[in-house]
1. In the neighborhood of LEU429, defined by Cβ-to-Cβ distances under 10 Å, what is the net charge if each Lys or Arg adds +1 and each Asp or Glu adds -1?
2. ALA177's amide H: which non-local residues (gap 5+, or another chain) put their own amide H closer than 5 Å, with H modeled 1.01 Å from N in plane and none for Pro or chain starts?
3. Just list whichever of LYS191/LYS269; LYS33/LYS443; LYS191/LYS247 have alpha carbons separated by over 28 Å in the model shown.
4. Compute the length gained on full extension between LYS247 and ASN169: take 0.36 nm times their separation in residues and subtract their Cα-Cα distance, giving the result in nm to one decimal.
5. Need the C-alpha centroid separation for segment 47-110 versus segment 318-356, integer Å.
6. Under 18 Å between alpha carbons, and skipping anything fewer than 8 positions from LYS342 in its own chain: which aspartates and glutamates qualify?
7. Work out how much length GLU47 to SER419 would gain on full extension: take 0.36 nm times their residue separation and subtract the Cα-Cα distance, in nm to one decimal.
8. Just want the ordering: LYS223, LYS191, from fewest to most Cβ atoms lying within 10 Å of their own Cβ.
Amino acid sequence: MKKIFYLAILTVLAATGCRKYVEIDQIGVRTPKYTSDYRALMNNNSELEFGPGYPILSGDDTEINDATRQNNITDIWANTYTWSAKHLSETQGDVDWERQYKNIYICNEVISGVLASEGGTESVKQQIYAEALVHRAYAYQTLLNMYSRQYNATTASSDLGVPLLLTPNLYASLNRAPVEAVYSQVIGDLKASVSKLPALADYNVRPAKVSAYALLARTFLNKREFSQAALYADSALLLRNTLLDLKTYSSAPSSLPKRLSDPEILLSKNVTGSFTAIPISSYILNLLGTNDLRYSLFTNTRGVYGSLFSTAFTGRAYWRYALNGEFLINIGPSVPEMMLIKAECLARAGNTSDALALVNNLRKKRFTDANYSPLTSTDASDALRIVIEERKREFFGKGFRWLDQRRLNQDSAFAITVSRVFKGNTFTLEPNSNRYVYPIGDKYILLNPEIEQNPR
C-alpha cells in the first residue's frame, strides 16, 4: 500500500543498493483514495508555488558591493554569486533542487492515481491530472535551466539533463536523462494538459490553458524555436493581456495587488522573502533611468526602510515584493513576459514594427504620460536589442537575467563576459562557461552514485 510521504529531500530516496528514506505513520494521514484527496494535493500551494531563488544571485543585474553584506552572506550565496565550481559542502542541501523534486513527487502521485480515484466526475479528475502535468513541467523546466547545459540542438541528445522521474516509485533510476528527453517530456506534458484545463483559472495558483501556453512559450524560446515560442505567447495573450498601469500606483504603491488578484500573473510561482535586499547593479539602474516607474516604485535604498531591508547594502535593491506586504518575488509566467517573448520572436523574424509596438505598449504602462516617449529602431537587429534591454528593465531582481544570459550566449551580439569583485577578489564568467551550469550537490551524488556531476 502506497503512503503519502512529505519528504524534505526527494532525490536522496533512491540510491542503488542504498535507497535511504524514513517512513513514519502519521495520525490523520491516509492513502489517497478520493478525488478530493488529489484536489487537496494540488491545492498545496505552500509547496507547489515555490520557484528557484539562486538565479537571482548569479545574474548581472545583481551587484553586492557592500563589504558588510559580502562578509555576512552565507557560503552558499557567496558561491552562487561568484559562480564557484562548488556551491555546497557534502552535508548541505540545495533548497532549489529539493523543492522542485518534492513538487515532482507530489505531481507524480496525482498523475498516477487521480484518474482511478473515487467520488469525482471525470472532468474534475482530468483537470486535476492536467494541473499536475503543468506543475511537473514547470519543475523540470526549472531544473534544466539551472543544472543542465543550455539547450543546443546539435548536442541536446547527449548533453546531461536531470533525473527524469515520472512515477512516485521511490526506487526509480536517478541516471540523468539527456537534455532533449527532458525537454520532450516538458513539452509533451504541457501540450497534453491544454484540452483538460479551463481557459483561465479561478485562482492564478492553479494552472489553466493560459499558463500551459505561457510555459510552452518559455520552453520554445529557450530552445530557440522562435516561431513556436511566438505562437504560444500569442495564444496566452489571446486569453489574457491585461497590464498593470503603474501610473495608477505611483502615489499609493501599497495598493499594488497581491498575487491572487494581480491580472498580469498567468501562473503564480514565487521566491520566498529570504531573497530580499538584493542590490540591483548600477548597469541596470542606469538602463532604467530615474523616470521609469519601475525604478521609483520597484527599487529603493535601505535608508528609512531598515526594518524591511534588514540587511546592510549600498545602492538600491529590488523592492516590489514589499509594497503589498506579501514578501514574495513572483517569477511565474506573466502578461509582460508573453509580450516580450512575442516581441523578441517578431524582431528575430524581421518584423520590426510589430515588435516595437509590443514593447511600446508595455512601456506606456511603466511611465507617467509626461515621461513616456516611444522607442524606435533602425532595423531588425536594433529592434532585437531594444527587446532584450526591455527584458532587463521588466524582470530585474527576479533571476530572469541569469536565464537570459545562458540562452543569449548563443547570440554573438549578446554574449558577454561578466566580472565582479567579492571580498577583494575578481571573478570572471566567460560566455558558455561551464559555470553557467550549477553543480549538483555532493550530498545527493554521495547517496545516489548514478547521478553524474556537471563538468566544472
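1. Within the 10 Å Cβ shell, the charges total 0.
2. GLY161, VAL162, LEU164
3. Exceeds cut-off: LYS33/LYS443; LYS191/LYS247.
4. In short, 22.9 nm is gained.
5. Computed from Cα coordinates, the inter-centre distance equals 23 Å.
6. Correct list for LYS342: GLU225, ASP234, GLU264, ASP354, ASP379, ASP382, GLU389, GLU390, GLU394, ASP404, ASP411.
7. Answer, rounded to one decimal: 130.4 nm.
8. The order, fewest Cβ neighbours first, is LYS191, LYS223.
Values quoted throughout were computed directly from the atomic coordinates according to the rules given, and no laboratory measurement underlies them. All of these numbers come straight from a predicted model, not from anything done at the bench. As a convention, Cβ positions derive from the backbone with ideal geometry for all residues, glycine included, and neighbour counts pool all protein chains shown.
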